[in-house]
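Worksheet for the structure shown next.
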Amino acid sequence: MENILFQYADLLLAYILSFASAFIAIPIVIKQSKKNNLLDKPDFRKQHKEPIPTMGGVGIFAGLIVSGFIWIDLLSVRESIGISVAISMLLVTGIVDDIKGLSAVFRLGIQCIGGVLAIQAGLVIHLPSIFQFSVETMMIIEYGVTIFLIAGVTNAFNLIDGIDGLAGGLGFINASMFGFLFLYFGNTGFAVLSFSFAAALLAFLKYNFNPARIFMGDTGSLVLGYLMIVFAIKVFNLSYAHTHSNTFILLVFSIVLVPVIDTARVFLFRILKGKSPFSADRSHIHHLLLKTGFNHKKASLILCFANIVLIVEAYLLRNVDIPLAILLLIVSAIFLIEIISIKRLFKIRTTVHILYNEYKKGSADNQLLLKYLNEKKKYE
């Protein structure tokens with residue numbers, strides 16, 4: 001009983017410290033960003049009209065740092081070193097990218113290094129032994145899959161950070177969900193880290209929710225994506241030998257599904273058009289929502305709600321065979337996106353119909369005017 005009380009005391013203290021630190025740090029970051037002209041300026045694919053301070057990730061990181069003396073002590077030495085080095089590296093990469101800009105290939109390389117650091121920390125995804133491979137071959141496959149997933153999901157969360165409150169909202173929901181899962185497994189260290197991160201994101205949302213006073217930037221979205229997939233791998237491994245492992249595997253899958261499906265869809269369409277998958281455009285799901293007529297706040301809330309719907313669906317599918325359940329989740333995510341696309345097409349059709357009617361009305365008016373002028377000319 002006493003250990004449980006200490007466990008929740010650590011969690012509550014870390015949550016309060018992380019929230020308070022980020023809440024205090026972010027206004028300072030806003031002020032310094034304006035002072036040093038570290039602003040995200042509007043362009044053809046961005047929604048804001050005025051330059052907005054970026055580097056919001058620095059404020060989020062401040063929350064993690066202040067609460068770090070609690071969660072670092074609760075993790076294993078390998079985990080604490082690997083995760084701390086990785087998120088610090090990603091933070092620095094994000095800062096440089098937000099200031100000067102880095103190529104997508106370079107960022108991808110850094111994300112892969114983050115994957116290697118996760119492997120060094122023991123955070124390797126363990127695959128079922130359905131193939132007759134040697135231990136060494138299976139290890140290489142698991143390392144490759146781990147790096148691929150970390151780079152892919154980190155990049156997906158980085159790319160979905162396109163409108164006010166979206167990445168922070170998804171991150172807060174998912175980090176909180178991971179926190180509860182870690183508590184269920186009795187892994188206090190990762191529970192405290194998850195809730196500390198959720199608290200920092202909650203403080204950030206106070207300044208980022210529409211109308212945003214600061215953006216997360218790559219400084220924050222890279223760290224966000226990395227921690228999401230690291231948490232996912234940890235839960236996956238903890239549930240590996242659990243009686244209800246299917247439930248946790250589906251929950252983990254559903255948590256990262258919205259940004260992953262969106263990124264996969266955008267990459268596919270860009271490739272089909274003969275473009276680089278990393279080229280910039282306005283084809284992400286949040287862009288579609290804005291084109292449909294929703295504002296930033298409603299678009300972010302819709303996607304956060306969709307994220308929660310998929311998590312609930314994953315739980316309801318816990319007794320279904322894993323391959324079928326995963327397929328149903330993917331179909332559901334695609335369906336949600338396509339509903340948005342269909343609504344946008346209906347809006348475009350309605351607009352075209354209105355314009356056509358106006359054109360016809362204008363043409364009829366012109367015909368009447370010409371007839372009147374001709375009649376008038378006869379009498380003159």
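Every number here is computed from the coordinates shown, using simple stated rules; none is lab data. What you see is a predicted model; the values in this text were computed from it and never measured. For neighbour counting, all protein chains shown are included, and Cβ atoms are generated from backbone atoms with ideal geometry for every residue, glycine included.
The calculated FRET efficiency for the pair Leu12 and Ser76, based on their C-beta separation and a Förster distance of 22 Å, comes to about 0.45. With a simple spin-label model that places each label point 7 Å from the Cα along the Cα-to-Cβ direction, the separation between Ile28 and Asn237 comes to 3.4 nm.
Taking 7 Å steps out from each Cα toward its Cβ at Val116 and Glu142 produces label points 2.0 nm apart. Taking amide H as placed 1.01 Å from N in the peptide plane, Asp40 has its amide H under 5 Å from the amide H of Ile52, Thr54, each at least 5 places away in sequence or on another chain. The calculated FRET efficiency for Lys273 paired with Ser134, based on their beta-carbon distance and R0 = 51 Å, is about 0.75. In the stretch 2-340, taking the dipole from charged Cβ atoms about the Cα centre, the farthest positive-side position among Ser239, Leu159, Ile141 is held by Leu159. For the stretch 78-160, the list of chymotrypsin sites (Phe, Trp or Tyr not before Pro) that fall in a loop by DSSP and count at most 13 other C-beta atoms within 10 angstrom reads Phe131, Phe133.
What the phi angles of the stretch 105-114 give under the Karplus curve with 6.51, -1.76 and 1.60, with θ = phi - 60°, is a coupling list of 5, 5, 4, 4, x, 5, 5, 5, 4, x Hz, glycine and proline written as x. Protection proxy ranking, highest mean first, for peptides 266-277, 178-189, 159-170: 159-170, 178-189, 266-277, where packing is the per-residue count of other beta-carbon atoms within 10 Å, averaged. If R0 equals 22 Å, the separation of the Cβ atoms of Val320 and Ser245 corresponds to a calculated FRET efficiency of about 0.95.
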